[in-house]
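The values are calculated or read from the model by the stated rules, or taken from the named source; none is laboratory data. Keep in mind it's a predicted model, so treat the numbers as computed, not measured. Cβ placement follows ideal geometry from the backbone for every residue including glycine, while neighbour counts extend to all protein chains displayed.
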């Protein structure tokens, strides 16, 4: 599993549209930034500290359609947009 933390409003928009294209940083960089379970705590502290209204999305990267793994220099994982209804499951936090 890989994980994405994002505002619930962005995740809900993806659900309505049938696919998730990510947050602003993902769209600027051209891929979705995911974290592994090991990276998740640091990602939350570094990028989301003090924010409310977030969702933690768990994605099974073995599911077809989640894109190609292409590690960035920061070791976060990168994937193309994924369909929200079949490939990912969101949990509100």
Exercise. Based on what the data block shows, is residue 91 at pLDDT below 90 and surrounded by 12 or more Cβ atoms within 10 Å (Cβ to Cβ)?
Worked result: no
Problem set entry | Sole residue being in a loop (DSSP other than H, G, I, E, B), at pLDDT 90 or above, surrounded by fewer than 17 Cβ atoms within 10 Å (Cβ to Cβ) and over 11 Å from the mean Cα position of the chain (by Cα), chosen from 65, 50 | 50
Seminar exercise, completed: Selection from the range 28-41 of residues closer than 19 Å to residue 58 by Cα and surrounded by fewer than 14 Cβ atoms within 10 Å (Cβ to Cβ) yields 37, 38, 41
Problem set entry | Among the residues listed as 38, 63, the single one being out of contact with any helix residue (DSSP H, G or I) (no Cβ under 7 Å at 6 or more places or on another chain), touching a residue at least 12 places away in the same chain (Cβ under 8 Å) and closer than 12 Å to residue 2 by Cα | 63
